[in-house]
Structures are given as structure tokens and as C-alpha cells.
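Written below as C-alpha cells is the structure these notes are about.
The values are calculated or read from the model by the stated rules, or taken from the named source; none is laboratory data. Remember, predicted model here, so these are calculated numbers, not experimental data. Counting neighbours? That spans all protein chains shown, and the Cβs are built from the backbone with ideal geometry, glycine included.
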């Protein structure tokens, strides 16, 4: 049987099946082929895979690697390679578990949890193994050459690539996402050559398995490689046609919603280079590629240094369904992620009913589909734009979402693309020198994932991983509280900060680590009060400036009453009280100078001035006498307790 040059494979238990309709533009016409007829390497022995001793096992989600032109998957403590009809050992031992590094069969994998494999496109695979990330360096002998134009047709068809190899896993009542096509006979794949079989056997001994110098805070369940963005805001991808021609497409990072409204989304986010994204159940992290020690990366002492990933979205240990950006978002329970051509990440969050969620390159999380009812895992984007969801119940669900797939590359093109991406990343790094604020900001963004945090601050329901030395040096409040013997909890590993707003505290931390923070008008009041409480006068002044700049006829009364209450609480003295007093005076001047606008826009809110008779009297006197000079002292006395 002549095969197509590319094919979408589905894992059903320990069998691989073709998913018909995955490449078709005809919507909804899907079916599964009979199981592929696979042989254990060397194929010349004719031993089928899986063997009888391995039957009734489940293969883990697979990945396609363009560098070697092969599909890789994990099965019974081993990493295996599917090339043509042959299944050959890459690394590990089927009867022994562990986390030992080494070459080929010397390496050990624990495989206690279902993990994901990901290809970096440069001969490197990554696999999540518990709290560890394993790097699998493939031998040079396995590198596939790019076929000449038309060679595929002359040879009778190229080998199939797995553009989505984890649609359904497990054997329940069903057998994947649709009915089988054809009879019960197992369909053969194109045979690998004898030379390829010998190369596989020899190359397995040259496979190098190592463990990245990083331990995740919790078990990892998701892994993907996100490609670099192009200079024009897209992702350069390559795919194979039916006759083996080179087909290159550029997909711009512009969502369908943005296109419909005529808006252009930002196309050059921070971290626009290639990166490795991985996640626990509640947070996603990312590391820039290439990693130290990987193919194409500079060698040196940095190769052994502990990696410090950046938090992309969510917060470790904090379950939830809130959308938002970065650590403001909440994730709950997901296994498996997939990436589209616009560098967006998709996952199925099963926390309190399944829902499909998208994570943009800047870490913004949005919910796209809700109430899936059944728990789904291991999403994959099909060539026709469907999102395929797998499950452990032998069922799959295909959602017509019109996504832009990250098409598989032809062998040989991946290495060139990876080299170009590495060169671009190196040029960007040279053009953007490191600075102390950026390095300390990265330290804060790690949120304890890099193992350097030595103190936790609990604010409401959020827990912030911080550094004792930085807080003591940058904040007088913490300098006093953390001083030896000053307070009972001075040496505690975790401190409570009661009656504080978590979002405001996050901005305070950003200020302490980097010396700058973007204070939004809706957060300015909370930030100002907390900054005053924690003895950060510069940040307090900056936040009060945001309050003043955002004043309008509709909100000036509310702002005045808030400033009045803050002054009362601080007794009208120096320090923070004087800053609030200056704001109060500034708002009063604005009210008098724009009293006609206030009358037109404030509406019934002006009646609330009766809550502060002293302030209302000042405003009346100022209106009769003319606009007061900014900075003029208050004439009326004020009751209240002075802060000690």
C-alpha cells in the first residue's frame, strides 16, 4: 500500500493508528485506520511490536522529531523510536526504574507519572520524569537528510510523521476518536532499510541521557517546545507536501478575533525566542533555548549551573480558574500542552469541570471552552485546525476551533531553523546587555522555582517566595521585622502580612526588586496605603500621583473622601500623613477649579460630602473665596489618632 507523505497518528493503548480526515478541509469526516503493523528492530527478524510480554501496556504521548525524521514515545520505562515500521530502543531498560544518567540502555527512567516528550528540532529531546526534566541527545548517525524535490514521489512516498500522536490513549469502551476504517488486519508501514536498522542499533549506544540541573516544586505533567517568533511577528515553519517538495509558510501572530475587529496584536513579546515550557498542575514555567550543554549551546561553567525558570502563568499550589496574566491567573488540574503557529499554548484544565484554556506568549490566560464534562488530557492541534483531546477512557474529542497548526518540518530543515534561531537569540542577547534590575526581576519571577528563596510571605491566600537579604536592604519595615530578636517571628521561614491586598503587595515586591513598577489607577489606592504602611515613601508618592492623574468629575468626590480618611487615620502629621495631605489638597484644588464639571458628572455622589463635614465646609469656603493655592495649609482642625 502506498502511504501519504505525512500522517496523523493516534495512540490507542499500545497500538498506533492513522487518523483519517486530520489533514482534510472537509469538517468532521474522521475515522481511525486499523493498527499499524510494527516490528521490533531489527525488522529483518520479523518480531512484531509490541511483543506478547509487553502487551496490555499503554504508550505515553509521542512526539515527532524532524531532525531525525522519526516519532518517539515512552513505553514501560523506556524511550522508543518509530522509524518506518521499526520500533527500536533509544534509552532505558524495560524492567528497571530509576533516574540514572548514561548512554542508551545504561540510563534509567522512573516513569511514575505519565509525562510528555518534546523535540527541540536540533537532535535533542526533553522528557519530564517526576520533578525532573531529562535531556536525550540523539546521535549524529540518526540525522535525516532533506529529500530532494520530487524524491518522495519517485521513492513511492515518504515516511509518515506524527503531527499529533496522543489523541486517544488507553483502552476503554471505545478505540479512539472515531470508527475504524477497513477490516481487522493490521496495516503495514513502509519498511525501513537494513542500513537504517543497523544505524539504529549502533546509535542507541551513542544516545546521551542527562538530567537538567533543576528540580520542580511539584511533579511535572506537561512539556512543549515553543518556537522562536520571526522578526515580522510570526513563526517560521516548514512542512512536507505529497510529493516531498519543500513548503515554507509564515503564520502571523494575529488572532481571529483581532483580525475580525481590525486590531493588531503585539507581535514582539518579551521572551520571543524559542523556549522550553513545562508545568505542574497549577503553574507553567519556561526556560530559553538552547539550554546550557545542549547541541548548539556554548560550553563552559554555566552548563552545570542550576537553571532558573521563569513563571509563565499561574502560581504554584494555588488552584483556580481565574483568567489573567502571568501569576494573576490560576490553573487547576491539567496534563499535556500543545502549541500553535502563533506560539500560543493550549491545555485542558480539569479543575471543577473541564475547560480549554489558552496561554499567550506573554502569559495571559483565557478560557475558550467550558463544561467539557469528561476529563480530557494531552491536547494536540491537527493539521486542519481541530483541537484533539485525549483521555484515559479510550475516547477522544475533536473540537473545530480553527487553530493554526505548527506544521511538522521536513528532515534537515529543522536543524537549519534551529541554527538560525540560536543565532538570532545570540544577537538579541548581545544587543540587550544584562542589568541589575532585570536580573533581580528574573529572580522575583522565578517565584522560588530556582531554589534561591529563603523566605515566604503569606498575604491573604497568596504565598510569595522572596529573599530575606533583598527585603531587609530595600524596605525599612522588613529590615526592622527581620532583625534578630526584634520580633518573635524574625527567624521564621514564613511570615504573615495581615490586612493587605495581595495584588498590591505583588507590585510592592516588584518595586523593591527592580526599583520600578507599573501602578494601574484601579490599584493605586491600595498600593499607596500599603507602601505607607511598609515604609516605602517613594512608592507611596508615585501611587498617589497615579490617583491624582486619574481624577475626573465623576470620581473626584470618592477620591477626596478616601484621601480625607487616610489623613484622619494618620493624624495629619509628617511622613506618610503629609503625602496624603498633599494629595488631599491637590484634589480639593481640582474640585474647586472644575466645579462645573463636577456638578455635571458627579451626580448624587456629591451628597456623600456630608460624611466629612470639615471637608465639605472647606470646599464651600474655597468656592466662595476663589481657587486655593496648591499646598495651602488646612484651616480646620481634625480629629483622629496619631500613628505611634
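Here are 551, 527, 519: which of them is surrounded by 22 or more Cβ atoms within 10 Å (Cβ to Cβ) and outside any helix (DSSP H, G or I)?
Just a single option satisfies the conditions, and that option is 519.
For the range 385-397, how many residues are more than 28 Å from residue 120 (Cβ to Cβ) and not in a loop (DSSP other than H, G, I, E, B)?
Qualifying residue count, the range 385-397: 2.
If we keep just the residues of the range 579-625 that are touching a helix residue (DSSP H, G or I) at 6+ places or on another chain (Cβ under 7 Å) and not in a helix (DSSP H, G or I), which is surrounded by the most Cβ atoms within 10 Å (Cβ to Cβ)?
So the residue we want is 602.
Taking residue 542 as the residue in question, decide whether it is under 21 Å from residue 480 (Cα atoms), touching a helix residue (DSSP H, G or I) at 6+ places or on another chain (Cβ under 9 Å) and not in a loop (DSSP other than H, G, I, E, B).
Against the criterion (under 21 Å from residue 480 (Cα atoms), touching a helix residue (DSSP H, G or I) at 6+ places or on another chain (Cβ under 9 Å) and not in a loop (DSSP other than H, G, I, E, B)), residue 542 does not qualify.
Taking residue 421 as the residue in question, decide whether it is surrounded by fewer than 22 Cβ atoms within 10 Å (Cβ to Cβ), under 27 Å from residue 69 (Cα atoms) and at pLDDT below 65.
Judged against the criteria, residue 421 is not a match.
Yes or no: the range 495-518 includes at least one residue that is farther than 21 Å from residue 476 by Cα and under 36 Å from the mean Cα position of the chain (by Cα).
Yes; the residues of the range 495-518 include at least one that is farther than 21 Å from residue 476 by Cα and under 36 Å from the mean Cα position of the chain (by Cα).
Can you name the number of the only condition in (1) assigned to a loop (DSSP other than H, G, I, E, B); (2) surrounded by fewer than 22 Cβ atoms within 10 Å (Cβ to Cβ) that residue 89 fails?
With (1) assigned to a loop (DSSP other than H, G, I, E, B); (2) surrounded by fewer than 22 Cβ atoms within 10 Å (Cβ to Cβ) applied to residue 89, the lone miss is (1).
Any chance you could count how many residues in the range 184-226 are assigned to a loop (DSSP other than H, G, I, E, B), surrounded by fewer than 20 Cβ atoms within 10 Å (Cβ to Cβ) and at pLDDT below 50?
The qualifying residues number 6.
Test each condition in (1) over 27 Å from the mean Cα position of the chain (by Cα); (2) touching a residue at least 12 places away in the same chain (Cβ under 8 Å); (3) closer than 20 Å to residue 213 by Cα for residue 100 and report the one that comes out false.
Status for residue 100: all satisfied but (2).
Quick one: which of 505, 478 is part of a helix (DSSP H, G or I), farther than 23 Å from residue 317 by Cα, at pLDDT 90 or above and in contact with a helix residue (DSSP H, G or I) (Cβ under 8 Å, 6 or more places away or on another chain)?
Just one listed residue meets the conditions, 478.
Taking the stated definitions as given, is residue 162 at negative phi, modelled with pLDDT under 90, buried (at least 24 other Cβ atoms within 10 Å of the Cβ) and assigned by TED's automatic domain parsing to the domain that holds residue 226?
yes
Taking the range 325-369, which residues are more than 19 Å from residue 281 (Cβ to Cβ) and not in a strand (DSSP E or B)?
Of everything in the range 325-369, those that are more than 19 Å from residue 281 (Cβ to Cβ) and not in a strand (DSSP E or B) turn out to be 341, 342, 343, 344, 360, 361, 362.
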